[in-house]
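The values are calculated or read from the model by the stated rules, or taken from the named source; none is laboratory data. The structure presented is a predicted model; accordingly, all values stated were derived computationally and were not measured. Counting neighbours? That spans all protein chains shown, and the Cβs are built from the backbone with ideal geometry, glycine included. Just the protein is used for accessible areas: all its heavy atoms, side chains included, with ligands, DNA and RNA removed. Shrake-Rupley method; radii C 1.70, N 1.55, O 1.52, S 1.80 Å.
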Amino acid sequence: MGRGKIEIKRIENSTNRQVTFSKRRNGIIKKARELSVLCEAHVSVVIFSSSGKMSEYCSPSTSLPKILERYQLNSGKKIWDAKHEHLSAEIDRIKKENDNMQIELRHLKGEDLNSLQPKELIPIEEALENGVRGVREKQNDVLRMLKKNERILEEDNKRLAYILHHHQLTRGEYEGHGTCM
């Protein structure tokens, strides 16, 4: 006994909608797999749920990039041009550079050194020595500035002490004159 036709419209109940999505997604992927096996067709299906979760199937004898390339050739629609390939290569290069920098940073922190050969330790040692030298130079600069500020403050203190002493002497003279009269 077959099912009756249903009206194709958005299912309002979110639970029912999710159940229907899950069943139909599994059905589409099953059909794609069957089509691939039975007919030696190259099939790829990519499905995104409303929450953004991705499901996919691709025939074992191909890959999604190959299918997309064939689609582009047969349809005449550009979906991946040289600019995108350049950006993809640049992303790959940056990822590799980032990975290398992460490894280098771990080495500079003294981590994962056992895998290195003695020759590879020399540049790390030199980098650390340069870093220490730079830190010491900065510390010396700060110390020089502190000493300079200390001298300036001592000179200001002496000047203010002189002014205060001179002011007290002057004030004492005026008080002394006041009592004589």
Residues that are of a type in the set (D, E, K, R) and closer than 17 Å to SER55 by Cα, drawn from the stretch 1-33:
ARG17, LYS23, ARG24, ARG25, LYS30, LYS31, ARG33
Search the stretch 8-19 for residues that are surrounded by 10 or more Cβ atoms within 10 Å (Cβ to Cβ) and pair each with any residue that is assigned to a helix (DSSP H, G or I) when their beta-carbon atoms are under 8 Å apart and the residues are at least 6 apart or on different chains.
ILE11/ARG17; ILE11/THR20
Members of the stretch 31-49 found to be surrounded by 14 or more Cβ atoms within 10 Å (Cβ to Cβ) and not aliphatic (A, V, I, L, M), listed by number:
ARG33, SER36, HIS42, SER44
All-but-one check, GLU85 against (1) modelled with pLDDT under 85; (2) outside any helix (DSSP H, G or I); (3) acidic (Asp, Glu), failing number (2)
Qualifying positions in the stretch 1-54 - under 26 Å from PRO65 (Cα atoms), basic (Lys, Arg) and over 39 Å from the mean Cα position of the chain (by Cα)
LYS31
Test: residue in the stretch 50-65 that is surrounded by 10 or more Cβ atoms within 10 Å (Cβ to Cβ) and in a helix (DSSP H, G or I)
yes
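Restricting to the stretch 118-160, what's the tally of residues that are over 30 Å from GLN102 (Cα atoms) and either open to solvent by less than 80 Å² (accessible area, probe 1.4 Å) or of a type in the set (Lys, Arg) (or both)? Walk me through how you get there before you give the answer.
Here is the first cut: in the stretch 118-160, the ones over 30 Å from GLN102 (Cα atoms) are 140-160.
Those left that are additionally either open to solvent by less than 80 Å² (accessible area, probe 1.4 Å) or of a type in the set (Lys, Arg) (or both): 140-142, 144, 147-149, 151-152, 156, 158-159.
The total comes to 12.
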